[in-house]
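**Q** Provided herewith is a single structure, encoded as structure tokens, for subsequent inquiry.
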Amino acid sequence: MKKILIMGLPGSGKTSLALELSRELNAKWINADKIRKKHNDWDFSKQGILRQAHRMKLISENNKNSFLIADFVCPLTEGRKIFNPDYLIWMNTIKKGRLSTFDKTFEKPRKYDFCIKEKNSKLWAIKIADKIKTYNWNNKKFTSQMLGRYQPFHEGHLKLFEKILVISGQVCI
């Protein structure tokens, strides 16, 4: 099982990406807000934040899927070490979160596997899934075919392919 942590400030798009990525990877998804609500624990002190990291780690250990996705702010480096993800996705899409509490305590990660700087969860889910899972071409899946020379290949071509990929999920070039 591979654990994926999607972290960032409140309002950065963690939950949107987690939803799309869980679909792409057929992964179990745990959301920190739902877990806090279940335990009625909205303590955002350092102790509360680390308790939540421990809780998320314990929940993740019961997973039977190939992938588990956890989305939570996880503002402290210590909390990220506790959760110990195989992949760390940093939602670096905003400078200030919805809750000012985290703006002051948030420690930017020094190491991450993906740094997302724009809110486009469908596209990023496809890109991330492509990097972390074994890709299998599916002849029965809707596919877009793109014909052309693409010489020289440029940013416009890339944006076109990304848009088509979001629409169809599979592109033959």
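**Q** Based on what the data block shows, is Gly148 part of a helix (DSSP H, G or I) and exposed (fewer than 11 other Cβ atoms within 10 Å of the Cβ)?
**A** Working: part of a helix (DSSP H, G or I): no; exposed (fewer than 11 other Cβ atoms within 10 Å of the Cβ): yes.
No; evaluated as a whole, the condition is false for this residue.
**Q** Answer yes if at least one residue in segment 90-102 is aliphatic (A, V, I, L, M) and in contact with a strand residue (DSSP E or B) (Cβ under 6 Å, 6 or more places away or on another chain), and no otherwise. Don't jump to the end; show me each part of the working.
**A** Residues of segment 90-102 aliphatic (A, V, I, L, M): 91, 94, 99.
Of the ones still in play, those that are also in contact with a strand residue (DSSP E or B) (Cβ under 6 Å, 6 or more places away or on another chain) are 91.
Yes, that holds for at least one residue.
**Q** Look through segment 27-51, keep the residues that are at pLDDT below 90 and of a type in the set (Phe, Trp, Tyr), and return whichever of them is farthest from Thr77 (Cα to Cα).
**A** Out of the qualifying residues, it is Trp42.
**Q** Same structure again: Identify all residues within segment 1-23 that are out of contact with any helix residue (DSSP H, G or I) (no Cβ under 6 Å at 6 or more places or on another chain), in a helix (DSSP H, G or I) and over 18 Å from Phe83 (Cβ atoms); write none if there are none.
**A** Hits for segment 1-23 are Leu19, Arg23.
The values are calculated or read from the model by the stated rules, or taken from the named source; none is laboratory data. From a predicted model like this one, the values you see are computed outputs, not experimental measurements. Glycine gets a Cβ as well: all are built from the backbone with ideal geometry, and neighbour counts include every protein chain shown.
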